[in-house]
Amino acid sequence: MPDAVKKPLLIVITGPTASGKTALAVRLAKHLGCSIISADSRQVFRELAIGSAAPSEEDMQGVPHYFVGSHRISEPFNAGIFANECIGLLEQLFKENPIQILCGGTGLYIDALLNGLNELPEADEKLREQLRLEWEENPNRLVEELKQKDPGFASQADLNNPRRVMRALEVIRTTGKQYSELRTGEKPVLFFNYKCFALMPEREELYARINARTPVMIKQGWLNEVNKLVDFRQLNALQTVGYRELFEYLDGVYGMEETIDRIRMNTRRYAKRQVTWIKNKLKCKWIKPENGFETILNETKDY
């Protein structure tokens, strides 16, 4: 009896920041004649083009990209919204080509699409205000509480990000359950197959790329970009590496040289957390940049 109609294939390319994901995805997309969907929680906002290292028109090389500069910073956007919009988009794109590419380093977005997310409790404004006061009084105490009550989430979260820490504790205190447990969700029934690849250069090479990229982004106008976002600095998308440090520079807390060093250091730490997330949450084949193109084509040749 003949096999059922083969499902389309989503090639997922992830990895830490500055690992070369975009260049690899574009090369593959040109070869396969498909589009690229970005899974990056900051590249989606058009006002964050420089700080998110969003691909330029030149970088895209004519390949259609989705979720790059598609939303304004003032619009609500999260993993759940991304997953829902992405499903609808894939339904259309797979009609054009049974192979498509998802590329990005925001593991939660990829996880939401492939594995689903449970409904988290609505915000408790009274508890949120209490947590805010506790953070102002002693942030380390809240960080330690999160480490004790949800070590899994604490191991991969940005513990310098007060919104991340406080939201996790808000859910934990409200439900009595771990934040990481509630975010797991029921695995959805997907209408497509997927193969996940994680790009990982040698550590020295990755760190060298991060260190070299930071001053280049400053020269491209990153500080001017941040200046225009001062009124939005409380938003989650701006409570992230690079923007946080540049806001502090504007506040006069650090000079530019020290700010660049701090962005480099915190970006390296962020890259380590990305690797930890991918290893713990996503079932990916780890590949090297130098043979990533050939490896992915070989792994997906049956399609």
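For the stretch 138-151, the Karplus equation 6.51 cos²θ - 1.76 cosθ + 1.60, evaluated at θ = phi - 60°, returns couplings of 7, x, 4, 5, 5, 4, 5, 4, 5, 4, 6, 8, 8, x Hz by residue, with Gly and Pro reported as x.
Go through 17-26, 59-68 and give me the packing order, highest mean Cβ count within 10 Å leading.
Details: 17-26: 22.1, 59-68: 17.2.
My ranking of the peptides, most packed first, is 17-26, 59-68.
Listed by chain and number, the lysines whose alpha-carbon sits under 20 Å from that of K149, ignoring those within fewer than 8 places in the same chain, are K177, K281. Listed by chain and number, the lysines whose C-alpha is less than 25 Å from the C-alpha of K6, apart from same-chain residues fewer than 8 away, are K30, K95, K187, K195, K283, K285, K301. Take 150-158, 38-46 and order them by the average number of nearby Cβ atoms within 10 Å per residue, most first; the result is 38-46, 150-158.
What percentage of the solvent-accessible surface of the stretch 45-88, computed with a 1.4 Å probe over protein heavy atoms, is contributed by carbon and sulfur atoms?
Numbers: 1070 of 2180 Å².
On the stretch 45-88, the fraction of accessible area on carbon and sulfur atoms equals 49 percent.
Based on DSSP H segments of at least four residues, each scored -39500 (n - 2.57), the chain has a per-residue ellipticity at 222 nm of -16000 deg cm²/dmol. Residues in the stretch 64-185 average 50 Å² of solvent-accessible surface per residue, probe 1.4 Å, ligands and nucleic acids excluded.
Projecting label points 7 angstrom from Cα along Cα→Cβ for I87 and D302 puts them 2.6 nm apart. Here the Karplus curve 6.51 cos²θ - 1.76 cosθ + 1.60, taken at θ = phi - 60°, turns the phi angles of the stretch 34-39 into couplings of 10, 9, 10, 9, 7, 10 Hz, with x standing for Gly and Pro.
Work out the FRET efficiency for N236 and T295 from their Cβ-Cβ distance, taking R0 = 35 Å, and round it to the nearest 0.05.
On the way: r = 35 Å, r/R0 = 0.99.
Computed FRET efficiency for N236 and T295: 0.50.
Kindly give the semi-axes, whole Å and largest first, of the ellipsoid equivalent to the stretch 1-62, taking each as the square root of 5 times a Cα gyration tensor eigenvalue. Walk me through the numbers on the way to the answer.
Numbers: eigenvalues 160, 35, 24 Å².
Whole-Å semi-axes of the equivalent ellipsoid: 28, 13, 11.
Free of any GluC sites (Glu not before Pro) that DSSP assigns to a loop and that have at most 15 other C-beta atoms within 10 Å, the longest stretch within the chain is 1-118. Computed from Cα atoms, the angle from the helix 203-219 axis to the main principal axis of the chain rounds to 70 degrees. By the Cβ rule of 4.7 Å, the chain holds the following cysteines without a possible disulfide partner: C34, C86, C103. Measuring from centroid to centroid over Cα atoms, what is the spacing of the stretch 12-51 and the stretch 272-303 in Å? Here the answer is 14 Å between Cα centres.
The values are calculated or read from the model by the stated rules, or taken from the named source; none is laboratory data. No experiment lies behind these values; they were computed from the predicted model shown. Counting neighbours? That spans all protein chains shown, and the Cβs are built from the backbone with ideal geometry, glycine included. Keep in mind that these areas ignore ligands, DNA and RNA; they rest on the heavy atoms of the full protein, side chains included. Shrake-Rupley method; radii C 1.70, N 1.55, O 1.52, S 1.80 Å.
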